[in-house]
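Reviewing the structure listed below.
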Amino acid sequence: MIRTFKHYLSVYSKILEVSFAKSSSFRLHFFLVILMDFLFYLVSIQTIKIIYDQVGMIGPWDENHFLFFTAFVLCIDQIHMMVLSQNFWYFSEYLRTGEFDYYLLRPISSLFMAFFNNFNFSYLLNAFFTWGLLIYYGIEIQLTFYQWIIIPPLFVVSFIFQFILEILIATSMFWTIKGLGVNILRLELQRLSRWPDFIFARYFKFVFTFAFPVLLIGSTPVKIIFQEANFSIYLLFLLLLSCFSALLYFFWKKGIRQYDSASS
Amino acid sequence: MKFYPRLSQANEIIKMTWHEFFAYRVDFFLKSIIPIIVFFLVKYFLWLNIYTGNGNELIKGMSFQEMMQYHLWVLATSLVILGTNSFNMAQDIRFGKITPFLLYPMPYAFHQMAVFIGQTIFHFFVIFISFSFLIGFNLIDLPVDTITLILSIPYLLLCATMWFIIQFIFGAAAFWMEETWVLRIMFIIVAEFLSGKIFPLTFFPQFFQNLIYHLPFPHFSYFPVMVLMQKISFTDLSNYLVSLSWQLIVLILIASKIWRKGINNYTAAGM
């Protein structure tokens with residue numbers, strides 16, 4: 001087990017080296033990506049602020065609570081963009097052109113190679129902004145020591161949850177000719193997860209909490225932090241995480257059997 | 001004399017564009033329909049929550065019903081105006097795919113424009129059918145004035161042309177840059193915010209509104225929606241048309257200059 005972990009770690013360190021070399025080759029692009037994400041964060045925060053200029057509360061949250069939630073989902077987004085995002089776009093291309101064959105031949109998990117093969121260093125600098133926002137709004141709403149402590153584990157679980165759900169969606173590319181539509185679907189579900197679950201009506205909330213739980217990614221951890229939900233929801237969160245991991249394992253295996261090289 | 005062959009060329013390209021839409025039906029559904037559903041779901045529930053939660057009848061002079069009508073029109077105008085075909089342009093330049101167009105008796109920009117028109121017409125029908133269905137079954141409340149709708153078509157087409165030219169300029173940046181998608185996404189992020197796609201521009205402070213009204217952004221959502229909702233006077237509309245026309249002329253000149261400069265840099269093997 002430890003040997004396998006070390007092996008994967010050494011592979012990932014090589015991936016990081018190559019990705020760094022790639023990122024530093026295109027310096028203008030490197031800075032433009034930072035600027036692009038900065039604009040996205042700014043627009044996300046400003047949108048909430050402008051809406052709150054007109055109203056005092058949205059659901060049970062005031063402006064600072066809502067902005068803390070937004071900062072939390074932006075932190076997940078920043079890590080996602082840095083570690084995973086690019087790989088989803090490449091994955092559809094690799095399936096279409098047959099380059100995925102090489103991932104199947106390597107003595108390492110094909111899923112790992114498909115989704116961890118590119119690391120985007122441009123997004124690393126944006127972490128200061130997103131985490132800075134999270135800390136700022138955390139101070140504004142006067143989080144207690146206990147609330148600060150539970151943020152990192154909840155963040156990790158949320159990130160893994162999003163990762164599993166998105167790969168599950170991406171596996172459908174084994175059955176489609178073009179991957180663009182699937183990637184758009186993935187981005188649209190991300191867009192849904194950036195809003196708190198209380199804004200949705202009961203039936204939609206149920207579907208997007210249990211059937212396809214994108215609303216759990218941001219809402220559940222933040223509600224646990226705000227102590228609006230008890231810890232049993234955390235257990236449900238972990239239970240759903242296990243279920244969707246099993247589903248991912250099943251569909252990934254099925255997808256690989258379906259894969260027929262360049263004609264897949 | 002040259003007009004008719006051009007028309008038949010455009011006709012063939014438009015047919016090919018539609019053919020592609022129908023060939024990849026799942027992809028079309030995921031690309032075009034899912035964003036509409038998500039967009040509307042989020043807008044509907046968010047504003048419902050804001051209006052009911054705060055007991056507000058009006059926000060910035062708009063009732064909940066008007067806000068929903070605003071967002072439905074935003075949805076419709078976005079599909080008609082904000083085409084995506086020039087997204088592949090950078091790839092065409094980098095991989096040398098524009099070479100045949102330098103030899104064909106058909107400019108590359110003409111081909112792109114014809115694809116854009118094909119997309120726009122197709123999206124217009126998608127909107128027309130889906131809105132007719134939703135209105136017919138009383139699922140949405142959207143008063144439509146036929147005369148306003150017909151009169152607004154030339155204005156909408158001008159707005160769509162401006163969007164196309166801006167996207168064309170970003171695509172042409174591929175003559176000098178390795179990756180141009182980042183420029184396009186940056187522009188889309190800013191445009192969505194400043195065009196009134198997220199909320200009406202009246203939500204911004206007055207001085208900021210005055211500033212934005214002189215930029216191209218409101219022509220992508222806010223102004224067309226205000227025209228369709230009959231919330232502007234004829235004088236306002238003619239002012240918008242004048243401002244849009246000169247912005248369009250400037251953009252066409254910039255685009256053609258960039259294209260000519262880029263073509264001088266271009267090697268047939270790509271960039």
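Please give the net charge around B:His19, taking every other residue with its beta carbon less than 14 angstrom from that of B:His19, where Lys and Arg add +1 and Asp and Glu add -1.
Result for the local shell: -1.
If you wrap a convex hull around the C-alpha atoms of region B:183-230 and split its volume per residue, what is the figure in Å³?
So the per-residue hull volume is 76 Å³.
In peptide B:190-198, what is the residue-averaged number of other protein chain Cβ atoms found within 10 Å of each Cβ?
Taking all residues of B:190-198 together, the mean is 2.
How large are Rg and Dmax for chain B when only the alpha carbon atoms are used, in Å?
19.9, 65
Return the Cα extents of region A:1-85 along principal axes one, two and three, sorted largest first, each rounded to a whole Å.
54, 39, 14
Please list, or write none, the lysines whose alpha carbon is within less than 17 Å of the alpha carbon of A:Lys14, excluding same-chain residues fewer than 8 places away.
A:Lys6, A:Lys22
In a shell of Cβ-Cβ distance under 13 Å around A:Pro213, excluding A:Pro213 itself, what net charge do Lys and Arg (+1) and Asp and Glu (-1) give?
-1
Two-decimal Rg/Rh of chain A from alpha-carbon positions, Kirkwood Rh?
0.98
Please state, rounded to one decimal and in Å, the Kirkwood hydrodynamic radius that the protein assembly as shown gives when every pair of distinct Cα atoms enters the mean of 1/r.
25.3
Quick check on my link table: of A:Lys49/B:Lys231; A:Lys205/A:Lys253; B:Lys60/B:Lys197; B:Lys197/B:Lys257, which ones sit more than 20 Å apart, alpha carbon to alpha carbon?
Exceeds cut-off: A:Lys49/B:Lys231; A:Lys205/A:Lys253; B:Lys197/B:Lys257.
For the charge dipole of the protein assembly as shown, defined by +1 on Lys and Arg C-beta atoms and -1 on Asp and Glu C-beta atoms about the Cα centroid, which residue among B:Ser238, B:Ile147, B:Cys159 has the Cα displaced farthest towards the positive pole?
Highest projection toward the positive end goes to B:Cys159.
Using Cβ contacts closer than 10 Å as the measure, can you line up A:Tyr90, A:Tyr136 from fewest to most?
A:Tyr136, A:Tyr90
Short version: ³J(HN,Hα) in whole Hz for each residue of region A:201-210, in order, from phi by Karplus 6.51 cos²θ - 1.76 cosθ + 1.60 (θ = phi - 60°), x for Gly and Pro, what are they?
Rounded to whole hertz, the list is 5, 3, 5, 5, 4, 5, 4, 8, 9, 10.
A:Lys254: which lysines have alpha carbons under 19 Å from its alpha carbon, excluding same-chain residues fewer than 8 sequence positions away?
Candidates past the 8-residue exclusion: A:Lys178.
Go through A:64-70, A:185-191 and give me the packing order, highest mean Cβ count within 10 Å leading.
Ranking, from highest mean packing down: A:64-70, A:185-191.
By how many nm would the segment from B:Ser8 to B:Val190 grow when fully extended, if each residue of separation counts as 0.36 nm and the alpha-carbon distance is taken off?
61.8 nm
Only counting other Cβ atoms within 10 Å, I'd like B:Met162, A:Met173 sorted with the fewest neighbours first.
Ascending number of Cβ neighbours within 10 Å: B:Met162, A:Met173.
I want to check the label-to-label distance for A:Glu17 and A:Met57. Put each point 7 Å from Cα in the C-beta direction and report it in nm to one decimal.
Modelled inter-label distance: 5.7 nm.
Can you tell me the length gained on complete extension of the stretch B:Lys231 to B:Ile135, counting 0.36 nm per residue apart and subtracting the Cα distance?
32.5 nm
Among A:Ile58, B:Ile188, what is the fewest-to-most ranking by other Cβ atoms within 10 Å?
Going from least to most buried by this count: B:Ile188, A:Ile58.
Summing Lys, Arg as +1 and Asp, Glu as -1, what charge do residues with Cβ under 15 Å from the Cβ of A:Arg96 carry, A:Arg96 excluded?
Cβ neighbours under 15 Å give a net charge of -4.
Enter the mean number of other protein chain beta carbons within 10 Å of the beta carbon of each residue in B:202-211, as an integer.
Taking all residues of B:202-211 together, the mean is 1.
Simple spin-label model, 7 Å along Cα-to-Cβ: A:Tyr203 to B:Ser256 in nm?
Result for the modelled spin labels: 5.5 nm.
Throughout, read-outs are computed from the coordinates displayed, never taken from laboratory work. No experiment lies behind these values; they were computed from the predicted model shown. Positions of Cβ are generated from backbone atoms using ideal geometry, with glycine treated the same way; all protein chains shown enter the neighbour counts.
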